[in-house]
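Asker: Here you go, one structure.
The values are calculated or read from the model by the stated rules, or taken from the named source; none is laboratory data. Keep in mind that this is a model prediction, so the values were computed, not measured. FYI the Cβ positions are ideal-geometry reconstructions off the backbone, even for glycines, and counts take in every protein chain you see. When the accessible area is computed, the model is the full protein with side chains, heavy atoms only, and any ligands, DNA or RNA have been set aside. Shrake-Rupley method; radii C 1.70, N 1.55, O 1.52, S 1.80 Å.
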Amino acid sequence: MHSLWGSMPTVSIVRRRDFRSSRPCPWTSLERASLVLVTACVLVFQGIGCAKPQAVVVDDLLEPMSVRRSWLPGEADLAAARLARAALVAGPHPRPESDTPDMDDGASDALDPRVEAALAELVSLKISHEQENLAALAIDLQNATRDNPIAYRAGSRKLRRRWGLDPRLRGRLDRTIGDDPLKLAGRRQFDGWQRLWARTFNAVAEPLGSSAITGFVIAPFQLALSLIHYLAEFSNSEPLSLTDRQALSLRQDFVARHPNTAATPAVEKKVERDLVLLEKTLARRRLRGAEAAHEARNPALASYHASAAIAILSDHPDKNERTRRQAIRERESANAEREEIERRASRSLQAIATKAELRQAELDLTATLLVNPGTPERLLTLVGVYRDVGGPGTRGRIQFVRATMLHETGFEASARKQLVRVAGLGTERDTMARHARTLLHDDWQNPYGAFQRLERQGTRNELAWRLAGEWVKRPRYPNLPVPLAYLIDTPTIAMTIVLAPLRALISPWTGSPDFQRATALAGYRYLIRFPDGEEQRPVTAWLYDYEAGKERWGRALRMADWLPDFDPEERMELVEKTTEERLARVERLDRRDSRGSILRGIATEFPDSLGGQIAGLQARQEREDASPQNIRITKEFLLENPAVAGRGGVGLNSRFLNDDPADGELHPEGIVLRGGRVLEFRLIAEGGDDEDPPETRTRKISKERLARIAATLAEAVQLNSLIDVDARQNADANRDLYLERAGLGLTEEVDVRAAAQSSYVYRSLRERYGMVRSRDSVLPFDLVFRGSLGDFSLGAFPRWRPPRETQDAFLYR
């Protein structure tokens, strides 16, 4: 056991004795007492040293790099170099005239004679056991020089049949063979059929298995209902599905690359067939947009979508006749509605002859309203003149003028009431009723009216959602007639209504949509337009309750500052919650300049709060610990990828990964690439454990070691992603740029900009997913146990798993 006192010299007192004499020494007792005293002191010091926590050993963090041995190339190595040189200078070689362009005869593509000669020379040599994969690599290099990808895949397929291939070469050959557009297209089409089979199987197995506990009493009803939903689901299907669109793209790519193969004519026919279905799919999407715009009373947008649908279908005029007729009808209807709106607008702007006295009275009244609306005496006089000249027909206009006067002088509530009276006159009795109704319904001109209207609407929507759930938004099958769609879902809707009390009880934990968001926006709009308005206080109080209920403490604090006589203690509590909220937001930011800006803002705005003090200290620490890069590699990642931690990568001393704190141990946070050639080690602190803050040690490493770290990291990430899709790392441009420069030894010029910093963290699978994930079952289905409180059913049934979507599926949605 090591001790802080372990290096203390051992004290011993030895006196020479004459063993030939039997007479005792006169200093024997004194010598014995001195020895006892010294020994006791040494034991005490050693006990104190053992009682103290163990120190962290940091003198040998890194193991020395292995020295490259001198290597003398042999005949096989020289032949491989000549083959590589021939492959690099080889160009496209013409195909012999006797060869036929058959996609299956890829080996008939002629090779460069220099490559063939270099390969023949290499194969004829005697290759040692250490270089047993050299011949396979040479053949793969020869195949790569073929200009035809079909021939390259054929050669790779032939090479793949050999035994004893290196796993890395075998994996690359598998990727090359799998990169066949026609086979991938067939696989995507098979995925579509497999999805259809999974839907069919589950539609039958689920109702039968769920009714097992009831003795299959309600099984016929559940089976019939499941089949109805199965058939209705086809109404949501598009003419060309997502997997078929992927197959179409792959076939188009094949035709573009290989226009002269034997398979091209058949592939072109499939492409032409799918293009017609693709046009129908895109045109139907446009028609749905036109219908939505028509319902929103936007005929211009509806006409645009319908015209776009017609343009999509124009490439095949003899196909998709029904869809084309629908688009033409929709465009004609939208154009007719737009023409009617334009006719009404032109009619409303038509000039009407009036008397000269009435025109002068209107001119005086309008000029006074525009120039100086705050003189009610002058306006009242002009209003009286206008009423005397115009007669009873000016009643609505006079009331509209009064509403304008009240609004401009700050009496907005009275102005709204006046506009309500004008709008109640009706457009048949007075032309100003339409203008009053427009002002009342405009969210910007009348923000408080919009606030009240949206609050009532949000309350109604929340009540409906509590009662019927998601069914209040739209039916499950929007492409079916609405009555039929709701009829199909009637049993489910009824069960949802019955279970409404239960959902209300668990809603605090399950969450609910924000039904008052539009109301809050209208409230903020009112405060922006009328900061001193008559309704300012009730709107502010409502917004405070709303933001506090959503736990948005910063916004709630701003509303509290607008409320008079707000409780100071409650405000101080809001300040602390606001600082906690913003500090939590800092942890989610990657760029140090953004973090520093928010931290300085917290410390400046709330200097007397605890959170403000913490933010100030954290801002100082951020500035002191700032570095060009902050790429961290956790300890678990190093254990999961020993090649990165070993001598070929970081070269970390193995004692720091043996879970023994006695000789020092790496903290779970691992190591950090700080930029340049600086490497930071985070160790478990003296007397601490892995949950305490780490103790850091910094080393400046050589260019070669940094290049090895970058290379092993890239190789480990690539191999892990090939083995497990979930092991792929997220993209980070700054990280990739730094590691690329590190591999080339170009890190001496440090980019200190915050925008160039990467704070990426390499984590292990256990750290990323929180558990050890099991592999997918070899069976194509899962056994599901499910119970329902709605119909008191309980059962187990097999559920067929549909195929996973490919990574590029989002491009074809």
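Asker: Here are Pro207, Pro181: which of them is in contact with a Lys or Arg (Cβ under 9 Å, 6 or more places away or on another chain) and open to solvent by less than 70 Å² (accessible area, probe 1.4 Å)?
Answerer: Exactly one of Pro207, Pro181 is in contact with a Lys or Arg (Cβ under 9 Å, 6 or more places away or on another chain) and open to solvent by less than 70 Å² (accessible area, probe 1.4 Å), namely Pro181.
Asker: Condition check: surrounded by fewer than 17 Cβ atoms within 10 Å (Cβ to Cβ), under 30 Å from Pro149 (Cβ atoms) and more than 40 Å from the chain's Cα centre (by Cα). Does Asn335 satisfy that?
Answerer: For Asn335, the condition - surrounded by fewer than 17 Cβ atoms within 10 Å (Cβ to Cβ), under 30 Å from Pro149 (Cβ atoms) and more than 40 Å from the chain's Cα centre (by Cα) - is not met.
Asker: Continuing with the same structure: Go through region 204-231 and count every residue that is touching an Asp or Glu at 6+ places or on another chain (Cβ under 9 Å) and either closer than 23 Å to Asn479 by Cβ or among the acidic types (Asp, Glu) (or both).
Answerer: 2
Asker: Keeping to region 312-332, report how many residues are under 17 Å from Leu282 (Cβ atoms) and either charged (D, E, K, R) or loosely packed, with under 12 Cβ neighbours inside 10 Å (or both).
Answerer: Selection size over region 312-332: 10.
Asker: Any residue at all in region 396-419 that is modelled with pLDDT of 85 or more, under 50 Å from the mean Cα position of the chain (by Cα), among the hydrophobic types (A, V, I, L, M, F, W, C) and surrounded by fewer than 16 Cβ atoms within 10 Å (Cβ to Cβ)?
Answerer: No.
Asker: Right, here's the next one. With the checklist (1) open to solvent by 40 Å² or more (accessible area, probe 1.4 Å); (2) more than 30 Å from Phe785 (Cα to Cα); (3) of a type in the set (S, T, N, Q); (4) in a helix (DSSP H, G or I) in hand, flag the one item Thr200 doesn't pass.
Answerer: All conditions are met except number (2).
Asker: Just the residues that are closer than 18 Å to Gln189 by Cα and surrounded by fewer than 17 Cβ atoms within 10 Å (Cβ to Cβ), please, taken from region 246-262.
Answerer: Asp253
Asker: Taking the conditions exactly as written (surrounded by 13 or more Cβ atoms within 10 Å (Cβ to Cβ) and among the aromatic types (Phe, Trp, Tyr)), does Trp542 satisfy them or not?
Answerer: The answer is yes for Trp542.
Asker: Any chance region 453-460 includes a residue that's among the basic types (Lys, Arg), in a helix (DSSP H, G or I), more than 34 Å from the chain's Cα centre (by Cα) and surrounded by fewer than 16 Cβ atoms within 10 Å (Cβ to Cβ)?
Answerer: Yes, because at least one residue in region 453-460 is among the basic types (Lys, Arg), in a helix (DSSP H, G or I), more than 34 Å from the chain's Cα centre (by Cα) and surrounded by fewer than 16 Cβ atoms within 10 Å (Cβ to Cβ).
Asker: For region 609-625, which residues satisfy the criterion of being at pLDDT below 90, surrounded by fewer than 16 Cβ atoms within 10 Å (Cβ to Cβ) and touching a helix residue (DSSP H, G or I) at 6+ places or on another chain (Cβ under 8 Å)?
Answerer: Within region 609-625, just Arg623 meets the criteria.
Asker: Restricting attention to region 506-539, which residues are open to solvent by 60 Å² or more (accessible area, probe 1.4 Å), in contact with a helix residue (DSSP H, G or I) (Cβ under 6 Å, 6 or more places away or on another chain) and modelled with pLDDT of 90 or more?
Answerer: Arg525
Asker: If you don't mind, another one. Look at Ile48 and say whether it is open to solvent by 40 Å² or more (accessible area, probe 1.4 Å), modelled with pLDDT under 50 and either of a type in the set (S, T, N, Q) or over 30 Å from His258 (Cβ atoms) (or both).
Answerer: yes
Asker: Among the residues of region 481-503, are any under 28 Å from the mean Cα position of the chain (by Cα) and of a type outside the set (A, V, I, L, M, F, W, C)?
Answerer: no
Asker: For the subset of region 368-390 comprising residues that are in contact with a Leu (Cβ under 9 Å, 6 or more places away or on another chain), part of a helix (DSSP H, G or I) and not aromatic (Phe, Trp, Tyr), which member is modelled with the lowest pLDDT?
Answerer: The residue in question is Gly390.
Asker: For the subset of region 723-767 comprising residues that are in a helix (DSSP H, G or I), out of contact with any Asp or Glu (no Cβ under 9 Å at 6 or more places or on another chain) and closer than 24 Å to Thr806 by Cα, which member is least open to solvent (accessible area, probe 1.4 Å)?
Answerer: Applying the filter and picking the extreme gives Ala727.
Asker: Could you grab me the full set of residues in region 699-722 that are open to solvent by 30 Å² or more (accessible area, probe 1.4 Å) and over 30 Å from Asp60 (Cβ atoms)?
Answerer: Gln718, Leu722
Asker: Right, something else. If you take the residues of region 552-606 that are in contact (Cβ under 8 Å) with a residue 24 or more places away in the chain and of a type in the set (Asp, Glu), which of them is nearest to Arg735 (Cα to Cα)?
Answerer: Asp590
Asker: Among Lys280, Lys269, which is the only one that is more than 36 Å from the chain's Cα centre (by Cα), in a helix (DSSP H, G or I) and over 28 Å from Val784 (Cα atoms)?
Answerer: Lys269
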